[in-house]
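Where a number appears in this text, it was derived from the coordinates with a stated rule and is not lab data. Small disclaimer: the values here were computed from a predicted structure and weren't measured. Don't worry about glycine lacking a Cβ; one is built from the backbone with ideal geometry, like all the others, and counts go over all protein chains shown.
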Amino acid sequence: MNLFADAIAWLLSPERLDGAYALPTLLGQHLLYTLIAVLISAAVAVPAGWLIGHTGRGREVAVAISGAARAVPSFGLMVLLVLLLGVLRIPEAAVLTFVLLAIPSLLAGAYTGVEAVDRRVVDAARAMGMTEWQIFRKVEMPLGLPLLVGGLRSATLQVIATVTIAAYVNLGGLGWPIIQGIPLRRFDQVLGGAILVALLALAVDLLLALAQRAAVPTGVRSHPAASRDARAATASA
Amino acid sequence: MIEFRSVTKQFPDGTVAVEDFSLVLPSHRTTVFVGSSGCGKTTLLRMVNRMVEPTSGDVEIDGESVLDKDPVELRRGIGYVMQNSGLMPHFTVVHNIATVLRLIGRSKREAHERARSLLEVVGLEPDLADRYPSQLSGGQQQRVGVARGLAADPNILLMDEPFGAVDPIVRSELQQELIRLQTELDKTVVFVTHDIDEAFLLGDQVVILDKAARIVQVGSPSEIIENPADDFVAAFIGVDRGRRALRIKETARGRVLVDSEGRTQGSLVEDGV
């Protein structure tokens with residue numbers, strides 16, 4: 001409890017707003033790395049996942065790649081990439097690590113979203129004369145969106161947690177007080193940093209949970225209010 | 001006129017769904033394919049709008065092979081009604097009905113106006129227009145499915161067991177509604193069912209199919225009932241039992257017809273007596 005109080009005191013100290021390692025700066029770095037990594041990852045994984053979901057081809061490959069990528073230890077991968085790309089390309093190496101980490105969840109979110117769409121609905125769309133692109137754009141994508149946002153949510157959380165290790169290769173972020181604090185035995189600072197990472201993860205998770213709910217198309221939502229409206233309308237009709 | 005010319009369909013797994021099938025489906029008439037599940041009737045239906053491609057043979061509409069047409073264009077010109085309605089769950093009723101009109105390039109306003117007027121044609125209240133399919137009953141969904149099939153005013157309407165999943169009372173209502181619609185609209189209807197009573201009720205031409213879409217008998221309902229081709233047909237349509245095995249019974253008030261269970265089904269009205 002004492003350590004916890006110390007950590008809060010460290011967090012609230014005015015010094016936390018000063019210098020190159022001020023908390024707002026570290027938070028900004030953390031979010032920026034997360035955003036860049038998730039965006040790049042989405043640009044690769046989402047179209048690929050949609051294509052797999054729509055065509056039904058390449059699913060086994062995707063599952064194998066996702067499984068393998070999940071098993072790779074991110075810290076080891078980052079160090080390896082820094083060594084391979086050289087010390088001048090540390091940010092690239094770190095971002096690449098986070099990108100690889102985010103791909104499995106996003107890929108799975110994209111293809112399971114499309115696959116989960118009722119095949120009879122897709123069949124009806126095709127029989128009405130929709131082109132393959134229209135089937136994807138008007139039917140599979142909107143109906144698969146909630147699962148994609150779910151994938152985005154877990155990918156983002158994994159990246160937020162993992163960006164903490166960026167400080168190990170001197171890239172800042174909220175991992176900095178943790179990694180700098182361990183050799184100094186400054187546990188107030190270590191715990192303070194950890195609390196911030198946890199709070200950030202919770203806040204982003206909450207936002208994306210709301211986004212996931214908002215992504216469910218009207219008409220598919222089993223919303224009590226909607227069925228109440230329907231009943232009221234039926235009763236008045 | 002739709003013509004099947006020696007059509008065969010073998011699926012990649014080796015199943016022969018349709019073997020050497022030839023038949024002419026006259027225009028402005030309802031042709032019903034009837035047979036037990038797995039007889040290839042749905043495959044036949046889906047070859048008309050190229051949802052299934054024949055392995056060999058040809059399907060022609062008014063003398064033109066469907067295989068020479070762009071499948072997407074072809075499908076937009078043919079109404080399609082399926083079991084469980086196949087409505088887009090995230091589209092409102094009016095949006096569902098208007099879909100094909102939007103696909104063929106009508107303005108949103110025009111398409112929605114037409115969709116609203118179709119609600120009345122299929123016997124739905126106008127205030128259902130902005131509901132979602134999940135807020136409708138099974139019978140209402142099926143009516144929306146029919147309205148969607150009719151939206152672009154196609155000459156041909158394909159119906160794949162459209163009333164298979166609704167309860168008997170609603171099914172009977174929908175059948176009567178379809179008979180009424182057909183007298184008004186005069187489409188070339190291809191209807192698939194496993195229910196022989198439905199086939200006789202709706203069909204001008206009834207096609208009884210066995211495995212691999214082998215034609216057992218083709219004819220009007222009267223022709224088939226009066227002269228079943230073989231024992232299979234006789235057993236399938238049940239001429240020797242139930243409601244179709246009627247006998248005359250004399251009563252104090254005149255002659256009535258009773259079925260094989262002895263239940264009275266109706267009275268015998270004798271013309272010119």
Using Cα springs under 10 Å in a Gaussian network model of chain A, which residue among A:53, A:172, A:76 shows the largest mean-square fluctuation? A:76
Can you find, among B:228, B:1, B:145, the residue sitting farthest towards the positive end of the charge dipole of the protein assembly as shown, where Lys and Arg contribute +1 and Asp and Glu -1 at Cβ? B:145
Contour excess over end-to-end distance, with Cα ends at residue B:153 and residue B:247 and 0.36 nm allotted per residue: 29.4 nm
List, in the order given, every pair from B:9/B:187; B:41/B:69; B:41/B:108 whose Cα-Cα distance in the structure shown is over 25 Å. B:9/B:187; B:41/B:108
Run lengths n ≥ 4 of DSSP H only: what is the helix-derived mean residue ellipticity at 222 nm for chain A, with -39500 (n - 2.57) per run over all residues, to the nearest 500? -25000 deg cm²/dmol
Chain B: Rg/Rh from Cα coordinates, Kirkwood Rh? 1.02
Tell me the angle of helix A:23-55 to the major Cα principal axis of chain A, expressed in degrees between 0 and 90 and rounded to the nearest ten. 30
For chain A, the longest principal axis of the Cα atoms and the Cα long axis of helix A:141-163 enclose an angle in degrees, to the nearest 10, of 10
With Cα springs under 10 Å, the Gaussian network model of chain B assigns the largest mean-square fluctuation among B:60, B:120, B:250 to B:250
If one takes the longest principal axis of the Cα atoms in chain B, at what angle in degrees, from 0 to 90 and to the nearest 10, does the Cα axis of helix B:108-121 lie? 10
Gyration tensor on Cα atoms of chain A, a ≥ b ≥ c root eigenvalues, a/c under 1.5 rounded, else prolate if a/b beats b/c, else oblate, says oblate
Pop the C-beta distance of residue A:180 and residue B:53 into the FRET formula with R0 = 45 Å and round what comes out to the nearest 0.05. 0.10
Have a look at B:230, B:153, B:13 and tell me which one the Gaussian network model of chain B (Cα, springs below 10 Å) gives the largest fluctuation. B:13
Over the residues of region A:12-53, compute the C-alpha Rg and express it relative to 2.2 N^0.38 Å. 1.86
7 Å from Cα along Cα→Cβ at both residue A:55 and residue B:230: what's the point-to-point distance in nm? 4.6
What are the principal axis extents of the Cα atoms in region B:203-273, in Å, biggest first? 51, 28, 17
Projected-area average for the protein assembly as shown over all orientations - Cα convex hull basis, square nanometres: 36.6
